[in-house]
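The values are calculated or read from the model by the stated rules, or taken from the named source; none is laboratory data. Nothing here was measured: the structure is a model prediction, and the numbers come from that model. We place every Cβ from the backbone using ideal geometry, glycine too, and count neighbours over all the protein chains shown.
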Amino acid sequence: MMKFICGTLFNVLMGVVLANVVGMDPAYGAATGAVVPAVLGNFMPLGAAFEGVYTEVWTGELVKRLNAGLAASFLNGIPDYSAKAENEVIHLVDVGGDPDVLINNTTYPIPVQNLTEGDIPIGLDKYQTKATRVTDDQLYAISYDKFSTDVQRHSNAIDTAKYKKAIHALSPYSNTKTTPVVPTSGEADATGRKKMTRKDVIALKRAFDKAEVPTDGRRLVLCPDHINDLLEEDQKFREQYYNYTTGKVTNMYGFEIYEFVNCPYFTNAGVKVPFGTSPAETDMQASVAFYVPRMFRAQGSTKMYYNEARTNPQTQESLVNFRHYEITMPKKQEAIGAIYSYDANYSGYLELKAEREEMQQAGERKRQNILRKELEWIRRGAKARTTKQKGRIQRYEKLKDQDAPQTDGSVEISSISSRMGKTTVELSHISKSYDSRVLIRDFTYIFLKNDRIGFVGANGSGKTTLMKIIDQRIQPDEGTVTIGQTIKIGYYTQEIENTKDAGIAYMDPNEKVIDYIKNTAEFVRTKDGLVSASNMLERFLFPSSQQYSPIGKLSGGEKRRLNLLRVLMEAPNVLILDEPTNDLDIRTLTILEDYLDNYDGIVITVSHDRYFLDRVVNRIFAFEEDGKICQYEGGYTDYVNRLAEEGKVPAGHILDAKNDTTTSVDSVEKENQTSSMDTWKRERKLKFSYKEQKEYETIEDDIAALEQKIEELDAQTLKFSSDFVKLNEITKEKEQTEQLLEEKMERWEYLENLAAKIAGQQ
């Protein structure tokens, strides 16, 4: 009987709640809540007749609150595609490009242009709250405040999550022509963060203008840091753009201005931190801009899940949670931008670190030079009878045992290539001449899938010319070059070009290393999955500290290695390597050879490196006299052996039977020349001047003192590694000291040689 009374009471009260929600008379709700369950024979908490209604009431209230939203007015006006969402998926139609426009057309009929269309299914984001407890006692007492408060908390949690996800989706990943990311340009605050200025907003406007984004509909969502920057530093902003009463910012430079606390974070390099990832200490919030008509949002279903406690009278509580589907994002990755702050101290640290590592490498080269000179002295026979010479021998031993600066162990390259169709590269009757000299005469060849072709010949015979014809950089005098529609050629040239029209072969000395690579791609797909440009640079022995250094600071070999990475990042399926062994270190060459073993494409290489050709190619084309190009099967050794059987010599080379290698004719001629250098013809008594004698007696002590000072500076470098001002001072002082040491060593070498000659006269 008690259960019946409690159940009836509960249903009466739920009827009153339901009536209030749907706008009925509470009396009718109470009557319905009492009669209907009684007829059906189901009571709360044992029955479940009203559980569906109960769920519907809670869900309806939640949806109403979700639609009301939180402080996310920056989403107002974004096209709503909710009606097109089915099964939590929305289908967008992608039309490939705009129709071509004819101006003053005189050709009829007007040609037909087909615009390809594609269906893009996009799954809505699922937001699901953790279950909260509602006790039966609270329900029986009709604690509507409890009900309302609980729903509010669930809706607030969902809104916060989905709006944070929305602003993250509306921001670009990194800087491109269609998604500009602008760094702030103001002074650094106490923490090292670069402040925002109105000039940064103008810079973003300029980027949107260049991207031809319409002016009506541009929206800029400022993060709190940037608004505070403007308030602190810009009086004009305070007077013209900021409302002190409402705390709102008026429109600026064509942008509708909003403020949002949960703007995304960007790294010091201007790359967006992935959603759900905790930002690093040096990551900063960014302001986000977008063009409203090119964005969209869609809402799916909202459901409540209710688990009632029915059986245990001691645990009188029910579990309630909600699941909500919604998405906001750009239709395409364009017409979105950002203004990000960065840690100026960290940026400076990276630059100093790059300089320090460069200095370490330079120091290693100096060490090797000094070690060579000291070794010569040791080999001449050191007289360890004096303290000075004993100390010198000890310094030599210490110098010899010193470890060189550590770098990454090896270059890592995952195979990158594009799909290849039936038609590849076809050369038909190609001829080319310069100044009446025939370089290529009637050459025909069809490159097959997975071909490994090597071209050999004397310098100036036309090998590079043929490579440029294949790449369509120059046109042949006769014949045709057919390139398949799916063919993508990567051309690794002999030299770094100085003009911008050279494409990727041009390197701007002022451009940052990472920007040079990002100009090709932000990500590449390898066997390991998607790999970022920064990670690819690290695989190519460019650590993060070096990635933000200008290209002009790289050595010749590093520039060649960087250019090789740029070529491979383009994912070519035809790879042209013109003298790849020039300037590349052994580690890079070894890994390049392994890379080519797994490369799914055509490899065409020009090289004088016999080992590399034997390792990589399986067919040789030799440039011979009068522009004739002859084909030989096998590697370079097979080619040489074939010529030897025929009594022939490779063009531009002669056979060296002793070591089974080829030697250039020029080098043989040089070896046959006798040296014109004479030994001492005049007997002349040599001796030290007074100044030289004094210098000779003290120079080793001077060298020891300089070496000691460098050691002390190295220790200070570690001690003040986080003090950038002090570190810069130490770096400059060490550089001056090393320069002085080098001068002293050169002077010591001269004096030592002179002393040896003087001793030889006795």
Near pairs, Cβ below 8 angstrom, 6+ apart or cross-chain, from the range 203-214 (hydrophobic (A, V, I, L, M, F, W, C)) to any residue that is in a loop (DSSP other than H, G, I, E, B) and modelled with pLDDT of 90 or more: Leu204/Pro180; Ala207/Pro180; Phe208/Pro180; Phe208/Ala335; Ala211/Pro180; Ala211/Ala335; Val213/Ala335
For the range 574-585, state whether one or more residues are over 12 Å from Thr493 (Cα atoms) and either at pLDDT 85 or above or not assigned by TED's automatic domain parsing to the domain that holds Lys488 (or both). yes
The conditions are (1) of a type outside the set (S, T, N, Q); (2) touching a residue at least 40 places away in the same chain (Cβ under 8 Å); (3) surrounded by 15 or more Cβ atoms within 10 Å (Cβ to Cβ), and Asp600 fails exactly one of them. Which is it? (3)
Do we find that Ser148 is hydroxyl-bearing (Ser, Thr, Tyr) and within 26 Å of the chain's Cα centre (by Cα) in this structure? no
Which residues, taken from the range 89-116, are farther than 30 Å from Lys162 by Cα and either in the same structural domain as Val320 (by TED's automatic domain parsing) or acidic (Asp, Glu) (or both)? Asp98, Asp100
Within the range 117-135, is there a residue that is part of a loop (DSSP other than H, G, I, E, B), under 31 Å from the mean Cα position of the chain (by Cα) and either at pLDDT below 75 or not basic (Lys, Arg) (or both)? yes
Just give me the residues in the range 610-621 being more than 33 Å from the chain's Cα centre (by Cα) and of a type in the set (D, E, K, R), in sequence order. Arg610, Asp614, Arg619
Helices (runs of 4 or more DSSP H) within the range 164-277 that include 2 or more residues under 22 Å from Ile514 (Cβ atoms): 198-210
Mind listing whichever residues of the range 210-247 are crowded, with 16+ Cβ neighbours inside 10 Å and basic (Lys, Arg)? Arg218, Arg219
Of those in the range 617-647 that are touching a strand residue (DSSP E or B) at 6+ places or on another chain (Cβ under 9 Å) and among the small types (Gly, Ala, Ser), the residue nearest to Glu593 (Cα to Cα) is Gly635
Is there a residue in the range 596-605 that is over 32 Å from the mean Cα position of the chain (by Cα) and either closer than 26 Å to His429 by Cβ or hydroxyl-bearing (Ser, Thr, Tyr) (or both)? no
So, Gly217, is that one touching a helix residue (DSSP H, G or I) at 6+ places or on another chain (Cβ under 6 Å) and of a type outside the set (D, E, K, R) or not? yes
Among the residues of the range 585-609, what is the count of those that are under 15 Å from Glu558 (Cα atoms) and in a strand (DSSP E or B)? 0
Which pairs do you get when a residue that is part of a loop (DSSP other than H, G, I, E, B), found in the range 79-102, comes within reach of a residue that is aromatic (Phe, Trp, Tyr), reach meaning Cβ atoms under 9 angstrom, with the pair 6+ apart or on two chains? Pro79/Phe296; Tyr81/Phe296; Glu88/Tyr325
Output for the range 448-460, where each listed residue is at positive phi and surrounded by 18 or more Cβ atoms within 10 Å (Cβ to Cβ): Gly457
If you go through the range 271-294 one residue at a time, do you hit one that is in the same structural domain as Pro172 (by TED's automatic domain parsing), closer than 26 Å to Asp80 by Cα and polar (S, T, N, Q)? yes
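Every residue, every condition in (1) over 27 Å from Lys757 (Cβ atoms); (2) modelled with pLDDT of 80 or more; (3) assigned by TED's automatic domain parsing to the domain that holds Phe443, yes or no:
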residue: Gly634; (1), (2), (3): yes, yes, yes
residue: Asp638; (1), (2), (3): yes, yes, yes
residue: Leu643; (1), (2), (3): yes, yes, yes
residue: Gly652; (1), (2), (3): yes, no, yes
residue: Gln708; (1), (2), (3): yes, yes, no
residue: Thr717; (1), (2), (3): yes, no, no
residue: Asn728; (1), (2), (3): yes, no, no
residue: Lys734; (1), (2), (3): yes, yes, no
Quick check: anything in the range 555-567 more than 24 Å from Lys272 (Cα to Cα), polar (S, T, N, Q) and surrounded by fewer than 19 Cβ atoms within 10 Å (Cβ to Cβ)? yes
If a residue has to be surrounded by 16 or more Cβ atoms within 10 Å (Cβ to Cβ), outside any strand (DSSP E or B) and either of a type in the set (Ser, Thr, Tyr) or modelled with pLDDT of 85 or more (or both) to count, how many in the range 461-509 make the cut? 16
Considering only residues that are aliphatic (A, V, I, L, M) and in a loop (DSSP other than H, G, I, E, B), which ones fall in the range 610-634? Val617
Quick one: in the range 169-209, of everything that is under 24 Å from Phe296 (Cα atoms) and at pLDDT below 90, which residue is surrounded by the fewest Cβ atoms within 10 Å (Cβ to Cβ)? Lys177
Pick from Asn268, Asn251: which is at pLDDT below 90, buried (at least 19 other Cβ atoms within 10 Å of the Cβ) and in the same structural domain as Pro180 (by TED's automatic domain parsing)? Asn268
Top-ranked residue in the range 533-554 [being outside any helix (DSSP H, G or I) and touching a strand residue (DSSP E or B) at 6+ places or on another chain (Cβ under 9 Å); ranked as surrounded by the most Cβ atoms within 10 Å (Cβ to Cβ)]: Ser549
